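Chemist: Below is one structure. I have some questions about it.
The values are calculated or read from the model by the stated rules, or taken from the named source; none is laboratory data. Predicted, not measured: the structure shown is a model, and the values here were computed from it. All Cβ positions, glycine included, derive from the backbone under ideal geometry; neighbour counts span all protein chains shown.
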């Protein structure tokens, strides 16, 4: 099967994802759907060579006026922290943060943990998105906090439905890679 042509940075990220993050077999996805392939993109987001490749692509997508990057824990954490750290070495200063699954009721309360400030222009991220519900939850929490989502990006858009949800919420969606980029149809 011929894979789509990509720019060099995305092609290098795709090669890493295919080598380290794609598993083949019989899987039941979080949605309950059956699949013959599974993405464990933390295998890319947590390896030093994968971190650099992911950051290269993410930084090329992030608007210049963005102040912060983060999303729903645990999927967003390695992406947000790595992109912020690599970005800092390249003169891009992005605060990183996590959206907790539940509000904390002691210490610094609420669902936001990290360096996010009200009024910030925010990139919402995650490792893999299938349906888009988790990432849209993060958009809602960030807005309720008083920050403005200006982009959603993920390592891989597996399901092909997040773009429409993002558009309906008024946030641009630019995945680093898609299922078709990896040689798989959406939703398979």
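Chemist: Out of all the residues in region 18-39, which are surrounded by 15 or more Cβ atoms within 10 Å (Cβ to Cβ) and either on the phi > 0 side of the Ramachandran plot or at pLDDT below 95 (or both)? Give the steps one after another, and end with the answer.
Modeler: Pass one, region 18-39, residues surrounded by 15 or more Cβ atoms within 10 Å (Cβ to Cβ): 18, 20-22, 29, 35, 37-39.
Scanning region 18-39 gives 29, 35, 37, 38, 39.
Chemist: Looking at residue 159 and the list (1) more than 11 Å from the chain's Cα centre (by Cα); (2) buried (at least 21 other Cβ atoms within 10 Å of the Cβ); (3) not in a helix (DSSP H, G or I), which single condition is not satisfied?
Modeler: Checking residue 159 against (1) more than 11 Å from the chain's Cα centre (by Cα); (2) buried (at least 21 other Cβ atoms within 10 Å of the Cβ); (3) not in a helix (DSSP H, G or I), the one that fails is (2).
Chemist: Same structure again: Taking region 116-142 as the region of interest, how many residues are in a loop (DSSP other than H, G, I, E, B) and closer than 13 Å to residue 70 by Cα? Don't jump to the end; show me each part of the working.
Modeler: Taking region 116-142 as the starting set, the residues that turn out to be in a loop (DSSP other than H, G, I, E, B) are 116-120, 130-132.
Remaining after also requiring closer than 13 Å to residue 70 by Cα: 116-117, 120.
Final tally of qualifying residues: 3.
Listed here are the residues, each with its yes/no results for (1) buried (at least 16 other Cβ atoms within 10 Å of the Cβ); (2) over 15 Å from residue 83 (Cβ atoms); (3) modelled with pLDDT of 95 or more.
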{"site": "133", "(1), (2), (3)": "no, yes, no"}
{"site": "146", "(1), (2), (3)": "no, yes, yes"}
{"site": "150", "(1), (2), (3)": "yes, no, yes"}
{"site": "155", "(1), (2), (3)": "yes, no, yes"}
{"site": "180", "(1), (2), (3)": "no, yes, yes"}
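Chemist: Being in contact (Cβ under 8 Å) with a residue 12 or more places away in the chain, out of contact with any helix residue (DSSP H, G or I) (no Cβ under 8 Å at 6 or more places or on another chain) and part of a strand (DSSP E or B) is the filter here, so list the residues in region 1-31 that pass it. Break it down stepwise before answering.
Modeler: Applying the first criterion (in contact (Cβ under 8 Å) with a residue 12 or more places away in the chain) to region 1-31 yields 1, 3-4, 6, 9-10, 12-14, 16-18, 20-25, 29-31.
Next, from what is left, pick out any that are out of contact with any helix residue (DSSP H, G or I) (no Cβ under 8 Å at 6 or more places or on another chain): 1, 23-25, 29-31.
Within region 1-31, 23, 24, 25 qualify.
Chemist: Give me the residue from region 116-131 that is modelled with pLDDT of 95 or more and more than 12 Å from the chain's Cα centre (by Cα) and, out of that set, nearest to residue 14 (Cα to Cα).
Modeler: Residue satisfying both the conditions and the ranking: 122.
Chemist: Let me ask something else about it. Within region 32-53, can you find the residues that are farther than 18 Å from residue 175 by Cβ, out of contact with any strand residue (DSSP E or B) (no Cβ under 8 Å at 6 or more places or on another chain) and either part of a loop (DSSP other than H, G, I, E, B) or touching a residue at least 12 places away in the same chain (Cβ under 8 Å) (or both)?
Modeler: Residues satisfying the conditions are 32, 33, 46, 47, 49, 52.
Chemist: Further, regarding this structure: With respect to the numbered conditions (1) assigned to a loop (DSSP other than H, G, I, E, B); (2) closer than 24 Å to residue 28 by Cβ, which one is the sole condition not fulfilled by residue 180?
Modeler: Unmet for residue 180, out of (1) assigned to a loop (DSSP other than H, G, I, E, B); (2) closer than 24 Å to residue 28 by Cβ: (1).
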